[in-house]
Structures are given as structure tokens and as C-alpha cells.
């Protein structure tokens with residue numbers, strides 16, 4: 001299968017590409033720079049020049065492919081609403097191109113905001129009214145393509161997709177702990193974060209491309225919910241700094257933009273995903289990954 005991958009040089013996409021190549025697929029990655037072109041070539045993939053906000057480049061990339069994996073997202077948390085709108089427009093453009101073809105289209109979404117405070121399952125629909133669910137319209141648009149002759153599926157990812165090279169939430173927590181001289185959690189710290197290793201997530205994207213039924217919601221979750229206090233404890237141990245509780249009204253001052261997420265309780269299960277796609281995470285869980293030390297060597 002010739003697979004067009006957006007975000008192919010990103011943290012998750014760069015793990016998806018070798019998964020696809022090892023399975024015998026041909027990969028064409030969206031590339032907005034010469035550096036991305038070179039990285040794709042080094043990985044054994046072809047490049048398609050364009051960008052997430054260049055809808056014509058997305059349409060032409062999808063038109064020439066047997067399937068699409070959309071792993072790109074503009075991680076600008078200072079204007080998350082605008083980033084989410086760009087994501088929606090990209091999905092709509094690719095979906096229009098694939099309509100009526102029966103080709104697979106795997107879209108990335110998030111678990112945070114699906115059902116805060118209780119364990120989210122694949123049967124929970126995204127609700128744009130839920131605080132933090134700014135990517136819900138993208139998910140809805142993707143799944144609606146199942147009614148238009150596209151084998152569309154959505155892979156929801158947790159707040160922590162961890163592993164070597166991570167530049168997401170956990171490294172930000174580590175940076176804050178270094179700067180503040182303490183690893184903090186909020187209140188009792190019993191709020192839970194789900195997590196998955198990037199290599200396990202990459203396998204799920206491949207399986208979704210190959211076998212997921214149209215309209216599937218899939219959860220890329222290994223840890224159902226790690227107490228935030230335990231994450232702070234692992235960071236404190238890794239840095240050799242104290243671990244402390246702070247009040248909720250101190251979260252933004254302490255964590256910056258991450259303060260909103262640091263108090264979030266968003267556990268999730270992947271039971272149905274494992275059953276439907278025979279997906280079984282085998283990489284280290286989040287706390288084991290933190291204990292290995294690579295997060296603290298930079």
C-alpha cells in the first residue's frame with residue numbers, strides 16, 4: 001500500500017514510518033522543509049512537499065495514495081483553537097479527496113476532554129461542549145467520512161506519549177521542576193493521566209490503517225491512569241529534587257500553560273481497541289520509562 005503520512009518526521013510519525021516500511025508498505029511523507037525531505041530519505045520514505053495549511057498539497061498527496069495517516073498537528077498551546085481549526089480543515093480536505101474510494105484514512109485525536117473524571121472508552125463520542133475538547137470537531141469530521149465511502153478511523157492518544165525523543169508534556173514538567181527546584185502536584189495528586197509509549201502507538205496506527213473498520217474510535221492507551229503525584233515523584237527522584245503539593249490556584253503560576261493539564265483527571269481504557277485489532281502494548285510503561293533515566297540526561 002502506498003501510504004501518505006502527515007507529520008511523518010514528528011515524534012509519533014517518525015515511529016509510524018518504519019512500522020509501515022517494515023510491513024511492506026511504501027511511505028510518502030508530507031515535508032515542509034529540506035530537512036524533512038532529508039529525514040524521510042534517510043528513513044527510506046519518499047517526500048511530498050507541502051504543509052498542513054496548504055490544502056492543495058494535502059489533496060494531491062492523498063489523491064496519489066492508497067491510504068492516509070494524519071499524524072501532524074501544530075502544537076501551539078498559545079493558540080490551541082487556531083491549531084485545532086487548521087487540523088479540521090486539513091481533515092476535511094483529505095476527506096474530500098478520499099470520498100467514495102473506500103481507502104483507509106487514520107486520523108489522530110486526543111483523549112483529554114472526552115470524559116473528564118471517569119474512565120473514557122472507545123464508545124464515548126467526542127463532545128465539543130466538554131472543556132478542553134477543542135479537537136472534537138476534527139474527530140467528528142473524520143468519523144463522518146465513514147458515511148461517504150472512506151474507511152476512516154480515529155486513534156485517540158493520551159496526554160503522555162512517551163519515549164526517547166519526547167518533547168511533550170513530561171519533558172515540560174521536568175523543565176519546570178528543574179527551574180523551580182521541586183517536582184509539584186496539585187492537591188492530593190490523585191488525578192490520573194493515561195499514557196502510551198510512542199512505539200506502541202506507532203503499531204496501533206499501522207494496524208488501524210490495515211484493518212480498522214470504518215467509523216472506529218481507537219484508544220492508544222497502555223497506562224489507564226497514572227496518578228499525577230506518581231509522575232511528580234518519578235521526576236523528583238530523577239532530578240534529585242523534593243516533591244511537593246501545591247494548591248489549585250497556584251497551578252498556572254507554577255506550571256505556566258501546563259497548569260490546566262496538571263490538574264486534569266482523564267483516565268482511559270483501551271480494552272476494545274486491544275480486542276478489535278489484536279493490539280497489545282509491549283514497551284515500557286510511563287513510570288518505568290522515567291526510571292530508565294533518558295528523560296533526565298538533557
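Every read-out reported here was derived from the displayed coordinates using simple, explicitly stated rules and does not represent laboratory data. Bear in mind that the values here come from a model prediction, so they are computed numbers and not experimental data. Reconstructed Cβ throughout: ideal geometry from the backbone, glycine too, with neighbour counts over all protein chains shown.
Does the range 245-298 come out rounded, prolate or oblate, given a ≥ b ≥ c as the square roots of the eigenvalues of its C-alpha gyration tensor, rounded meaning a/c under 1.5 and, failing that, prolate meaning a/b above b/c?
Oblate.
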Just to be sure I understand: of the beta bridges DSSP finds with both ends in the chain, what percent are antiparallel, rounded to 5?
10 percent
Using alpha-carbon coordinates, inclination of helix 169-180 to the longest axis of the chain, degrees:
30 degrees
Per residue Cα convex hull volume in Å³ - calculated over the range 104-254
111 Å³
State whether the range 48-92 is rounded, prolate or oblate according to the following rule on the C-alpha gyration tensor (a ≥ b ≥ c being the square roots of its eigenvalues): a/c under 1.5 gives rounded; otherwise a/b larger than b/c gives prolate, and the remaining case gives oblate.
prolate
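How do the peptides 121-129, 87-95 rank, highest first, by the average count of neighbouring beta carbon atoms within 10 Å per residue?
Values: 121-129: 14.3, 87-95: 21.9.
Those peptides, ordered most packed to least, come out 87-95, 121-129.
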Kirkwood-type radius of the range 8-79, with distances r between different C-alpha atoms, in Å
12.6 Å
At q = 0.19 Å⁻¹, what log₁₀ I(q)/I(0) does the range 35-134 have when each alpha carbon counts as one equal point scatterer in the Debye sum?
-1.06
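Please express the shape of the range 187-298 as an equivalent ellipsoid: the semi-axes are the square roots of 5 times the eigenvalues of the C-alpha gyration tensor, given largest first in whole angstrom.
Values: eigenvalues 185, 58, 25 Å².
Each semi-axis is √(5λ); the values are 30, 17, 11 Å.
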10 Å binning of all Cα-Cα separations within the range 165-226, expressed as whole percents from 0 upward
17, 36, 28, 14, 5
Please report the relative contact order for the range 168-298, taking Cα pairs under 8 Å with a sequence separation of at least 6, and give it as a percent rounded to a whole number.
39 percent
